[in-house]
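First the structure, in the form of structure tokens, and then the observations on it.
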Amino acid sequence: MASLAAVMRVYSDERAAERVLSQNSLKAYEGDLEQFVAYAATQRVADLSEMDTEVCRSWVWALAEEGLAAASLRRKVSSLKGFTHWLGVHGYTEGDVGVRIKTPKAQQSLPRVLSRAHMEDILEGLASDAATGDPIALRDSAMLELLYATAMRVSELTGLTLARVDLAGLRVTVVGKGNKERVIPLGLPAAQALASYLERGRGKLSTESSGDVLFLSTRGQRVGSRTVYSVVARLLADLGGDGPLGPHTLRHTAATHLLDGGADLRSVQELLGHASLGTTQIYTHVSVERLKGAYDNAHPRA
């Protein structure tokens, strides 16, 4: 199996040998790809066999969420598309996995947010499946309840261990960006879904090598980010809206619902683990847009 980082180095060396780009441009593109490889590693994608379109899209939308300037974002997308095209041409991947990656447009910069009714339907459907006792259904119900309850990142979810879950205290401890820990409160529905998974599901998935990992795959290993993405994407596929279909949508939704419910911006910033309050402020714009939409639809003199 080929290391993503090693093959990226081969690609960068080949571009340098072509002497088509200036040293400054080469350095910028190489920096972009090093950043992508580092991000992919946080999603547990370190080998080319795990490289897919979703991790590419996830990186681009994570950059957009952080408020990266449009010109810088376009360059990073260009760097990534050049790399994925080269991977496909040289047979490292089955085709160009980045061919459908697009730079988010300005009018699409607000993240996808689900309504409370949609979230209720999704979670109730998962709970119904979990009631059958199927271990994967129990796991998926617990994962989605946790993502919505805590607004945590998918990498934080997949990195959870049993020791970091305190059901009695209704809280979990996650390791975020820069290896920073933060404690996030849990609601009762999420705690109950987790308890059901631990009591009736995890033991059926666990193997001798599972260790302390909370969410397990069908082989008893740590569940991967791609599995979480596929579960969420399947549930959101028919709901419409802009933005990616992955777990970030639940993060956006939870943050927006908190602000809609009266939570202050600083508390939401702490919950999300944002270093800058400016990053969190996008959700105030989402709330204002939702309010404006409701006003336009309901007020007789709108």
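The values are calculated or read from the model by the stated rules, or taken from the named source; none is laboratory data. In this text, all values refer to a predicted model and were calculated from it rather than measured experimentally. Note that each Cβ is placed from the backbone with ideal geometry, even for glycine, and that neighbours are counted across all protein chains shown.
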Candidate set from the stretch 8-46 (those that are outside any helix (DSSP H, G or I) and touching a residue at least 24 places away in the same chain (Cβ under 8 Å)); member that is nearest to Gly176 (Cα to Cα):
Gln43
Selection count where residues are outside any helix (DSSP H, G or I), free of Cβ contacts under 8 Å to residues at least 12 places away in the same chain and of a type outside the set (Gly, Ala, Ser), scope the stretch 59-100
3
Say whether the condition of being over 22 Å from Ile122 (Cβ atoms), modelled with pLDDT of 60 or more and surrounded by 14 or more Cβ atoms within 10 Å (Cβ to Cβ) is met by at least one residue in the stretch 241-253.
no
Residue check for Val228: surrounded by 19 or more Cβ atoms within 10 Å (Cβ to Cβ), modelled with pLDDT under 85 and in contact with a helix residue (DSSP H, G or I) (Cβ under 6 Å, 6 or more places away or on another chain)
no
Every residue from the stretch 196-229 that is polar (S, T, N, Q), free of Cβ contacts under 8 Å to residues at least 24 places away in the same chain and not in a loop (DSSP other than H, G, I, E, B)
Thr227
Over the stretch 141-162, the set of residues touching a helix residue (DSSP H, G or I) at 6+ places or on another chain (Cβ under 8 Å), within 23 Å of Ala41 (Cα to Cα) and either of a type in the set (D, E, K, R) or outside the structural domain of Pro185 (by TED's automatic domain parsing) (or both) is Arg153
Can you name every residue in the stretch 156-169 that is assigned to a loop (DSSP other than H, G, I, E, B) and surrounded by 14 or more Cβ atoms within 10 Å (Cβ to Cβ)?
Gly159, Leu160, Leu167
Among the residues of the stretch 103-116, is there at least one that is modelled with pLDDT of 85 or more, in a helix (DSSP H, G or I) and under 15 Å from Leu235 (Cα atoms)?
yes
Give just the number: which of (1) among the aliphatic types (A, V, I, L, M); (2) surrounded by fewer than 23 Cβ atoms within 10 Å (Cβ to Cβ); (3) touching a residue at least 60 places away in the same chain (Cβ under 8 Å) does Ala193 not satisfy?
(2)
Restricting attention to the stretch 59-69, does a residue exist that is among the aromatic types (Phe, Trp, Tyr) and farther than 20 Å from Val154 by Cβ?
no
Restricting to the stretch 65-80, name every residue that is modelled with pLDDT of 85 or more and either charged (D, E, K, R) or not assigned by TED's automatic domain parsing to the domain that holds Asp96 (or both).
Arg74, Arg75, Lys76
Hey, can you tell me all the residues within the stretch 171-186 that are farther than 21 Å from Ala62 by Cβ and surrounded by fewer than 18 Cβ atoms within 10 Å (Cβ to Cβ)?
Arg171, Thr173, Val183, Pro185
Against the definition (without any contact (Cβ under 8 Å) to a residue 40 or more places away in the chain and either within 24 Å of Glu270 (Cβ to Cβ) or of a type in the set (S, T, N, Q) (or both)), how does Ser128 come out, yes or no?
yes
